[in-house]
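Undergrad: Below is one structure. I have some questions about it.
The values are calculated or read from the model by the stated rules, or taken from the named source; none is laboratory data. Just so it is clear, the model here is predicted, and its values are computed rather than measured. Here the Cβ positions follow ideal geometry from the backbone for every residue, glycine too, while neighbour counts run over all protein chains shown. We work out accessible area using only protein heavy atoms, side chains counted, and drop any ligands, DNA or RNA first. Shrake-Rupley method; radii C 1.70, N 1.55, O 1.52, S 1.80 Å.
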Amino acid sequence: MDAREVKYAMFLQESKQMILARQESGLTVKQWCKANGLSENTYYYRTKRLRHAAIAEKMSGIEMQQHLPTLVKVEMS
């Protein structure tokens, strides 16, 4: 994993923690962002990036399954 991938993984982890903290607080997004000095745009941007990463991860698994070569047993006589 190169530095860019590590940085992106950290970004996703921080975004996930942020969303969980907001949900556990019981506050609205607007209230939570104001209390934590974060713009709503940043909150929703991180939510969107996290959602896209989750979809990409799911899709890569599906694509890999569809493109894996099928092993065929050949009998030699």
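Undergrad: Quick check on my filter: what residues within segment 1-47 are open to solvent by 100 Å² or more (accessible area, probe 1.4 Å) and among the acidic types (Asp, Glu)? Break it down into steps so the answer makes sense when it comes.
TA: Taking segment 1-47 as the starting set, the residues that turn out to be open to solvent by 100 Å² or more (accessible area, probe 1.4 Å) are 1, 4, 7, 10, 16-17, 23-24, 30, 34, 41, 44-45.
The one that is open to solvent by 100 Å² or more (accessible area, probe 1.4 Å) and among the acidic types (Asp, Glu): GLU24.
Undergrad: For segment 9-52, enumerate the residues that are of a type in the set (S, T, N, Q) and either touching a residue at least 40 places away in the same chain (Cβ under 8 Å) or in a helix (DSSP H, G or I) (or both). Spell out how you get there, then give the answer.
TA: We begin by selecting, within segment 9-52, every residue of a type in the set (S, T, N, Q); these are 13, 15, 17, 23, 25, 28, 31, 36, 39, 41-42, 47.
Matches in segment 9-52: GLN13, SER15, GLN17, GLN23, SER25, GLN31, ASN41, THR42, THR47.
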